[in-house]
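The values are calculated or read from the model by the stated rules, or taken from the named source; none is laboratory data. Just so it is clear, the structure is predicted and the values come from calculations on it, not from any experiment. Cβ placement follows ideal geometry from the backbone for every residue including glycine, while neighbour counts extend to all protein chains displayed. Side chains included, ligands, DNA and RNA excluded: accessible areas come from the protein's heavy atoms. Shrake-Rupley method; radii C 1.70, N 1.55, O 1.52, S 1.80 Å.
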Amino acid sequence: MIYPFYTFLLFFSFLLFLTSCGSHSLDDFQEEGEGVIRSIIQELKTIHTRGELSIASTTLQRQFDRLVSIMIAAEEFGFSNQEVDKGGELRPNHELSDQLRVELNRLYHLEGGRQMIEKCQEKALYRLDAFERRKKPLR
């Protein structure tokens, strides 16, 4: 079974690593990704019931998909420009990751919350997984 929450955090951490190591353009990817994560956190903070989660699911699905788009674009940019391993300093945003984890865990405790969140993440995670599988032969 895929654990979308933990997989998503892993890929978010990878995004932070990837985008923190290169040129100013990769920094732009990191900033954009962090902006999407902040939007997701703000959306999650407004949800207190299963009904509210159900209503917000379409918005959350779009935001997760947007984050994956940024992650894929950042990785493609990094590989195409060979700027991934330039010795840049890792600047992961642990505070942002922690905020996301807290909000997701809170919603997991709602009746059916875990399943609804996983459903919101499913399309984006499959897309990210397909990208990872396609690029493996390139490495």
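Residue 60 is checked against (1) buried (at least 16 other Cβ atoms within 10 Å of the Cβ); (2) not in a helix (DSSP H, G or I) and fails just one. What number does that condition carry?
If we test residue 60 against (1) buried (at least 16 other Cβ atoms within 10 Å of the Cβ); (2) not in a helix (DSSP H, G or I), just (2) comes out false.
Conditions tested, residue by residue: (1) of a type outside the set (Lys, Arg); (2) out of contact with any Lys or Arg (no Cβ under 6 Å at 6 or more places or on another chain); (3) at pLDDT 95 or above.
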site	(1), (2), (3)
49	yes, yes, yes
78	yes, yes, no
86	no, yes, no
97	yes, yes, no
117	yes, yes, yes
122	yes, yes, yes
129	yes, yes, no
138	yes, yes, no
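State yes or no: is residue 8 open to solvent by less than 70 Å² (accessible area, probe 1.4 Å), at pLDDT 85 or above and among the aromatic types (Phe, Trp, Tyr)?
Details: open to solvent by less than 70 Å² (accessible area, probe 1.4 Å): yes; at pLDDT 85 or above: no; among the aromatic types (Phe, Trp, Tyr): yes.
Against the criterion (open to solvent by less than 70 Å² (accessible area, probe 1.4 Å), at pLDDT 85 or above and among the aromatic types (Phe, Trp, Tyr)), residue 8 does not qualify.
Filter the range 100-114 down to the residues that are under 13 Å from the mean Cα position of the chain (by Cα) and buried (at least 18 other Cβ atoms within 10 Å of the Cβ) and list them by number. Walk me through it before giving the result.
So in the range 100-114, the residues under 13 Å from the mean Cα position of the chain (by Cα) come out as 100-101, 104.
100, 104, listed by residue number.
Can you tell me which residues in the range 94-122 are closer than 22 Å to residue 30 by Cα and either out of contact with any helix residue (DSSP H, G or I) (no Cβ under 6 Å at 6 or more places or on another chain) or aromatic (Phe, Trp, Tyr) (or both)?
94, 95, 97, 98, 101, 102
Return the residue satisfying two criteria in turn: it lies in the range 115-137 and is touching a residue at least 12 places away in the same chain (Cβ under 8 Å) and open to solvent by 40 Å² or more (accessible area, probe 1.4 Å), and of such residues it is farthest from residue 49 (Cα to Cα). Reasoning before the result, please.
Initially, the range 115-137 is screened for residues touching a residue at least 12 places away in the same chain (Cβ under 8 Å), giving 116-125, 127-128, 131, 135.
Remaining after also requiring open to solvent by 40 Å² or more (accessible area, probe 1.4 Å): 119, 122-123, 127.
Values: 119: 17, 122: 21, 123: 23, 127: 29 Å.
That would be 127.
Is it true that residue 43 is at pLDDT 95 or above, assigned to a helix (DSSP H, G or I) and over 19 Å from the mean Cα position of the chain (by Cα)?
Values: at pLDDT 95 or above: yes; assigned to a helix (DSSP H, G or I): yes; over 19 Å from the mean Cα position of the chain (by Cα): no.
In short, no.
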